[in-house]
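Each remark here refers to the structure printed beneath this line.
Please treat every number below as a calculation from the coordinates, not as lab data. Since the model is a prediction, treat every value here as computed from it, not as a measurement. Neighbour counts are summed over all protein chains in view; Cβ atoms, including those assigned to glycine, are modelled from backbone coordinates with ideal geometry.
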């Protein structure tokens with residue numbers, strides 16, 4: 001979410017050809033993609049939490065949420081660096097650190113590949129084939 005917030009703020013302030021870069025389709029679509037995936041990740045987390053709170057098994061949903069949220073964070077960070085252009089690599093702006101931090105999310109508490117292995121196990125078990 002922070003990548004989306006920082007990118008949107010920057011894209012509304014930074015101007016090229018007299019208009020904010022947010023009004024350029026390429027930049028606007030990056031913001032839209034970040035927003036869409038961020039909200040989808042939040043909903044997956046909510047579903048996993050709801051199932052756990054309801055006393056239901058949430059192993060599959062938790063794996064979905066963890067992998068999708070971590071991948072979304074990384075994708076959003078890369079897109080944020082693109083929105084910021086050359087400044088995206090500068091320590092003057094937060095997105096360079098957000099990109100480094102996002103990579104850790106894909107590794108910590110089970111890599112995205114491990115989450116996918118859990119998904120396969122749970123999907124095949126739930127479908128009665130495993």
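With 88, 110 as the choices, which residue is surrounded by 15 or more Cβ atoms within 10 Å (Cβ to Cβ), outside any helix (DSSP H, G or I) and in contact with a helix residue (DSSP H, G or I) (Cβ under 9 Å, 6 or more places away or on another chain)?
On the way: 88 fails: outside any helix (DSSP H, G or I).
After ruling out the rest, the residue left standing is 110.
For residue 9, indicate whether it is more than 16 Å from the chain's Cα centre (by Cα), in a loop (DSSP other than H, G, I, E, B) and over 26 Å from residue 126 (Cβ atoms).
Working: more than 16 Å from the chain's Cα centre (by Cα): yes; in a loop (DSSP other than H, G, I, E, B): no; over 26 Å from residue 126 (Cβ atoms): yes.
Judged against the criteria, residue 9 is not a match.
Please name all residue pairs, on different chains or six or more residues apart, with Cβ atoms under 6 Å, provided the first residue is in region 78-104 and is within 20 Å of residue 28 (Cβ to Cβ) and the second residue is part of a loop (DSSP other than H, G, I, E, B).
Here the result reads 84/93; 87/93, each pair linking region 78-104 to a residue that is part of a loop (DSSP other than H, G, I, E, B).
Does region 30-45 contain at least one residue that is in a loop (DSSP other than H, G, I, E, B) and either touching a strand residue (DSSP E or B) at 6+ places or on another chain (Cβ under 6 Å) or crowded, with 17+ Cβ neighbours inside 10 Å (or both)? Before you say what the answer is, go through the steps one by one.
If we filter region 30-45 for residues that are in a loop (DSSP other than H, G, I, E, B), which is where we start, we get none.
Looking for residues that are in a loop (DSSP other than H, G, I, E, B) and either touching a strand residue (DSSP E or B) at 6+ places or on another chain (Cβ under 6 Å) or crowded, with 17+ Cβ neighbours inside 10 Å (or both), one finds none in region 30-45, hence no.
Hey, can you tell me all the residues within region 46-66 that are assigned to a helix (DSSP H, G or I) and either more than 30 Å from residue 126 (Cβ to Cβ) or without any contact (Cβ under 8 Å) to a residue 12 or more places away in the chain (or both)?
If the condition is that a residue be assigned to a helix (DSSP H, G or I) and either more than 30 Å from residue 126 (Cβ to Cβ) or without any contact (Cβ under 8 Å) to a residue 12 or more places away in the chain (or both), then 46, 49, 50, 51, 52, 53 are the ones that fit.
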